[in-house]
Amino acid sequence: MSNAGLVHQVRMLRAGLGDPALMLAQFRLSAVLVPLWGDDAVWTGDQGGLRWIFAFSSAEELAAFVRSKDLPLDGFPYMTVLGSRLLDVAVPGLGVPGGIALDVAGKEPMLFPPVRGIVPDEVALDGPEMPGVVGVG
């Protein structure tokens, strides 16, 4: 699996030379690795009042994350999923405001926050009100 295009777009954006729409399009087309936790649930973390689904552009980035948690690498469970599926299905399925945190243990992490144009409007913090979530709308 090669996500060279995605990694390049992230680097360009972080350097101030990239195009956010192009980077997002590349993420949506990329197959990323998502670690699993417990009963095959995707591994998430809460920060700043949001829930972030962890995703990784490569096995090396995933391994760096697992090592940062002092967990054994051998047999660590993960799934491969398209970025578009994470944004369009997994984020709305969280039931709380959330987004995607790409390569969080790496040198060039990138966040895909819950805003219109990234996630579906119905779960975007700047979109219509989410049922059951106070203060969104």
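Coordinate-derived values only; no laboratory data. Source: prediction; values computed, not measured. Cβ coordinates were reconstructed from backbone atoms using ideal geometry, including for glycine residues, and neighbour counts include every protein chain displayed.
State whether the residues of segment 10-27 include one that is surrounded by fewer than 20 Cβ atoms within 10 Å (Cβ to Cβ) and either on the phi > 0 side of the Ramachandran plot or in contact with a Pro (Cβ under 7 Å, 6 or more places away or on another chain) (or both). So far as segment 10-27 goes, yes, one or more of its residues are surrounded by fewer than 20 Cβ atoms within 10 Å (Cβ to Cβ) and either on the phi > 0 side of the Ramachandran plot or in contact with a Pro (Cβ under 7 Å, 6 or more places away or on another chain) (or both).
Taken over segment 30-59, the criterion of being in contact (Cβ under 8 Å) with a residue 24 or more places away in the chain, exposed (fewer than 13 other Cβ atoms within 10 Å of the Cβ) and of a type in the set (A, V, I, L, M) is satisfied by Ala59 alone. Checked against the criterion of being part of a loop (DSSP other than H, G, I, E, B), aliphatic (A, V, I, L, M) and out of contact with any Lys or Arg (no Cβ under 9 Å at 6 or more places or on another chain), the candidates Leu22, Leu62, Leu71 yield just one match: Leu71.
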